[in-house]
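A.B. asks: Structure in structure tokens, see below.
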Amino acid sequence: MDDDIVATLDAGPGWPGEPPAPGPLGGTRVLDLSRVLAGPYCCMVLADLGADVLKVERPGLGDDTRRWGPPFHGDDAAYFFSVNRDRRSIALDLTTGSGRAVVARLVQSADVVVENFLPRHLASLGLEPLRASSEAVWVSVRGAGGDGPAGGQPGYDVMAQARSGLMSVTGTTEPTKVGVAVADVVTGLYAAVGALAGLVARRPLRVEVGLLESAVSLLVNQASNALAGGVVPTFAGNDHPNIAPYGPVPCADRPLVVGAGNDAQFAALAAAVGLATPHRWRTNAGRVADRDGLRSAMAQVFSQRTAGEWAVVLDRAGVPCAVVQDLGSLPDDPQMVANGQLQQVAHPAGPVRVVGSPMRLDGRRPAVRRAPPLLGQHTAEVLSALGLSDEQIQEVSGGDRG
């Protein structure tokens, strides 16, 4: 049967396309062989730019994050909805020759391939030769780069946060991970940049991005403080290591984050709220040296009014500030309402709201075209377009036809 499937695929039309979506990548074909967060995030960014994304998942199981709940929407965890919109899902058993034959045919037609297999799994599934010979831009997401001893090891975001040093500067008394998988997100963004570089270069670029290296890259000034300044930072809490004031200030009801990035902004802040300023606070270096005294004085002043009231005062004075909100506040935030980033899309389990792209292209935010797909939702549609019969589709999909 494998030989029959290969022959059918070779004679078939290849990638089952759709009308090009709006955006600079309209008509670009992206094969998503990844799962969890960094790889799917990369593909979501490319989809926001108009790419046609096909996601390949394991029959019966699918992406790991489909089960990372509660909460759930229908059968899938809300986590899955965060990075898997705007793509079709097909179920393929890559442990079989027929499943690998379908992937090989899709790779042959793809412009970009994104995967996050461990190197040994890429080899055991017979996909390494595809990576070596493909004319597509091939993006590999790893726990760490392949040029070191950790290159073949599995890893999640929290391991990257730990080893990079990020956890050592987060929290107040013990190593603390960031509340969102920031290493995964930054890795996904770097992976998307690599994919775009290959598309611009018009050659089969081989891109590799590691979670560890990406986590180190996002340490920016903290890494420079250690490497260039010889100061190894420790738990920073809500303080900025190089600026004061820069963080939450308690008000009568809830905290207000206030930032004065230069001396002129601090002078405007002090004048607006009536804060007495000794000479040592006239420079940022002086304020950083007396951070505790400055914090205490500001808390005494700001505790007299609500965060919202102070936000109005500081906004008029041109001082950056923001009321601390929880995620339940976002749908009603006036800026979020106006900018339309939170978008509602139809889904078999009922309408669902998702976070859209933060980008505007020619003044318009890319619209979410598809809700995150059900597992294998488009298997029959895609594989029949490749020329496979119902019996052949049953074989390669493990019965998960969508």
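The values are calculated or read from the model by the stated rules, or taken from the named source; none is laboratory data. This structure is a prediction, so every number in the text was calculated from the model and none was measured. Cβ coordinates were reconstructed from backbone atoms using ideal geometry, including for glycine residues, and neighbour counts include every protein chain displayed.
A.B. asks: Of Gly318, Gly350, which residue is assigned by TED's automatic domain parsing to the domain that holds Pro71 and either more than 26 Å from Val45 (Cβ to Cβ) or touching a Pro at 6+ places or on another chain (Cβ under 7 Å) (or both)?
C.D. replies: Working: Gly318 fails: assigned by TED's automatic domain parsing to the domain that holds Pro71.
None of the other options fit; the residue is Gly350.
A.B. asks: Within the range 324-339, take every residue that is loosely packed, with under 12 Cβ neighbours inside 10 Å and either in contact with an Asp or Glu (Cβ under 8 Å, 6 or more places away or on another chain) or among the polar types (S, T, N, Q) (or both) and give me the one that is nearest to Gly356 (Cα to Cα).
C.D. replies: Gln335
A.B. asks: Also: Condition test on Ala367, is it in a loop (DSSP other than H, G, I, E, B), crowded, with 21+ Cβ neighbours inside 10 Å and in contact with a strand residue (DSSP E or B) (Cβ under 9 Å, 6 or more places away or on another chain)?
C.D. replies: no
A.B. asks: I'd like to know if the range 388-396 contains one or more residues that are hydroxyl-bearing (Ser, Thr, Tyr) and buried (at least 17 other Cβ atoms within 10 Å of the Cβ).
C.D. replies: The answer is no, given that none of the residues of the range 388-396 is hydroxyl-bearing (Ser, Thr, Tyr) and buried (at least 17 other Cβ atoms within 10 Å of the Cβ).
A.B. asks: Only one residue in Cys321, Cys251 is buried (at least 17 other Cβ atoms within 10 Å of the Cβ) and touching a strand residue (DSSP E or B) at 6+ places or on another chain (Cβ under 6 Å), so which one is that?
C.D. replies: Working: Cys251 fails: touching a strand residue (DSSP E or B) at 6+ places or on another chain (Cβ under 6 Å).
From the options Cys321, Cys251, the qualifying one is Cys321.
A.B. asks: Hey, which of the strands (runs of 3 or more DSSP E) in the range 1-98, taking only ones fully inside, have at least 1 residues that are buried (at least 21 other Cβ atoms within 10 Å of the Cβ), at pLDDT 95 or above and of a type in the set (Asp, Glu)? Outline the logic, then answer.
C.D. replies: Working: elements: 29-33, 52-57, 88-91.
The qualifying strands (runs of 3 or more DSSP E) are 29-33, 52-57.
A.B. asks: Kindly check whether there is at least one residue in the range 94-104 that is touching a residue at least 24 places away in the same chain (Cβ under 8 Å), touching a helix residue (DSSP H, G or I) at 6+ places or on another chain (Cβ under 6 Å) and within 23 Å of Ala367 (Cα to Cα).
C.D. replies: No - not one qualifying residue is present in the range 94-104.
A.B. asks: Another question, then. For the range 156-197, enumerate the residues that are on the phi > 0 side of the Ramachandran plot and surrounded by 17 or more Cβ atoms within 10 Å (Cβ to Cβ).
C.D. replies: Residues of the range 156-197 that are on the phi > 0 side of the Ramachandran plot, as a first pass: 165, 171.
Hit for the range 156-197 is Gly165, nothing else.
A.B. asks: For residues that are in a loop (DSSP other than H, G, I, E, B) and closer than 24 Å to Gln325 by Cα, tally how many sit in the range 287-308.
C.D. replies: Adding up the residues that qualify gives 4.
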